[in-house]
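The values are calculated or read from the model by the stated rules, or taken from the named source; none is laboratory data. Source: prediction; values computed, not measured. All Cβ positions, even for glycine, are placed from backbone atoms using ideal geometry, and neighbour counts span all protein chains on display.
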Amino acid sequence: MKPYLYFFIGVLLFMSCKHEKKTTSNLNSEEPKKAEFSIVIHGGAGTILKQNITPEKEIAYRETLEKAIRTGYDILKNGGSSLDAVQNTINVLEDSPLFNAGKGAVFTHEGTNEHDASIMDGKTINAGASAGTTTVKNPINLARTVMDNSPHVLLSGKGAEQFAKAQGLEIVDPSYFYTENRFKSLQKIKEQEQSKLDHDTKISFYDADIKDSKFGTVGCVALDKHGNLAAGTSTGGMTNKRWGRIGDSPIIGAGTYANNNTCAVSSTGWGEYFIRALVAHDISALMEYKGLTLQEASKEVIQKKLTKLGGTGGIIAIDQYGNMVMEFNTAGMYRASMNNKGELYIGLYKD
Ligand code: ASP
């Protein structure tokens with residue numbers, strides 16, 4: 001063979017190697033940090049500013065976030081499933097009056113508490129959700145039961161409550177969900193609403209000062225030792241919501257998504273925008289179809305797509321390698337993470 005042919009073949013081989021490398025690095029442009037298991041939680045996003053929170057309240061938030069994440073961490077450490085970790089972690093947050101889920105749920109326009117929740121299994125792509133329930137103590141347990149024991153994905157209202165009762169879930173009197181703080185927030189918003197109407201100003205349910213009055217939706221994502229991802233979200237929705245309004249939290253693909261091949265995501269924020277932007281699934285899709293890393297995909301969806309639409313909020317997410325992301329475009333987000341080494345991070349504000 002002529003020497004120039006060797007040279008030509010050499011150039012071709014070199015170029016094909018380069019191309020191969022580029023494709024691989026597109027799929028994983030961040031060297032994946034292998035973590036045997038990891039867990040991330042959020043307790044809502046919004047105008048969370050240090051100057052608005054008393055030191056005592058900050059300690060209370062930090063303690064409850066830590067208690068919750070350690071619950072899931074222990075399950076994962078002992079070889080439990082990511083689904084159990086997500087559910088039990090969320091139970092701790094639901095039972096706390098600090099967060100807008102379960103016990104601390106915000107009030108509807110009519111003065112009731114209506115809960116939405118969802119959970120998803122990244123291994124089977126199975127999911128369960130419930131919307132608009134008023135008597136189920138831990139809505140995430142209902143979501144899990146819908147997934148495990150029914151042929152459906154999303155149950156709502158009275159039917160969901162009948163199902164919960166038949167399945168033996170804990171049912172409480174609606175008064176269990178009363179908290180003075182949340183009730184006062186409703187009164188304040190109603191007064192603002194009335195004064196706007198008195199001044200003949202066009203009033204929007206989601207006026208700037210009103211939309212931020214619902215902090216505290218809770219969520220959890222986890223990767224277990226078996227390589228399975230799971231995500232869950234639970235909320236009371238938005239203060240002063242009416243007409244049976246349902247947010248993104250029980251909508252699979254918007255508020256919650258999990259797929260073992262990509263990531264697990266839980267959202268919090270202005271629900272209507274998260275539904276329209278299909279935030280949780282979009283992050284997974286960018287990883288699946290475009291080869292973006294979890295970090296890149298989360299930034300793209302929260303900082304570009306959601307922000308451009310006018311939506312506010314954030315997500316927590318974890319990928320199959322245990323990489324963890326907490327991305328938000330608000331002043332703060334209650335959040336915590338823990339890896340397999342037991343390293344704990346807790347954050348409230350933008351660092
Ligand atoms: N996303 C929830 C909803 O719109 C509220 C929140 O996360 O703060 O119902």
In the set Gly347, Gly342, Gly314, the lone residue that is in a loop (DSSP other than H, G, I, E, B), modelled with pLDDT of 95 or more and of a type outside the set (Lys, Arg) is Gly342
Among residues of the range 264-293 being in contact (Cβ under 8 Å) with a residue 60 or more places away in the chain and within 14 Å of the chain's Cα centre (by Cα), the residue nearest to the ligand (Cβ to nearest atom) is Thr268
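If you check Glu296 against the conditions, is it charged (D, E, K, R), without any contact (Cβ under 8 Å) to a residue 24 or more places away in the chain and away from the ligand (no atom under 11 Å from the Cβ)?
Values: charged (D, E, K, R): yes; without any contact (Cβ under 8 Å) to a residue 24 or more places away in the chain: no; away from the ligand (no atom under 11 Å from the Cβ): yes.
No: the conditions fail for Glu296.
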Any residue that is assigned to a strand (DSSP E or B) and out of contact with any helix residue (DSSP H, G or I) (no Cβ under 8 Å at 6 or more places or on another chain) - is there at least one of those in the range 137-156? yes
Picked from the range 212-227 (must be modelled with pLDDT of 95 or more and within 17 Å of the chain's Cα centre (by Cα)), the residue nearest to the ligand (Cβ to nearest atom) is Thr217
Of the residues in the range 143-172, those that are among the hydroxyl-bearing types (Ser, Thr, Tyr) and more than 20 Å from Gly219 (Cα to Cα) come to Ser150
Residue hits (the range 157-185; within 24 Å of the chain's Cα centre (by Cα), part of a helix (DSSP H, G or I) and surrounded by 18 or more Cβ atoms within 10 Å (Cβ to Cβ)) are Ala160, Glu161, Ala164, Phe177, Arg182, Ser185
Expected output for the range 36-60 (first residue over 18 Å from Thr217 (Cα atoms) and hydroxyl-bearing (Ser, Thr, Tyr), partner at pLDDT 95 or above and within 16 Å of the ligand (Cβ to nearest atom), Cβ below 9 Å, 6+ apart or cross-chain) is Ser38/Val221
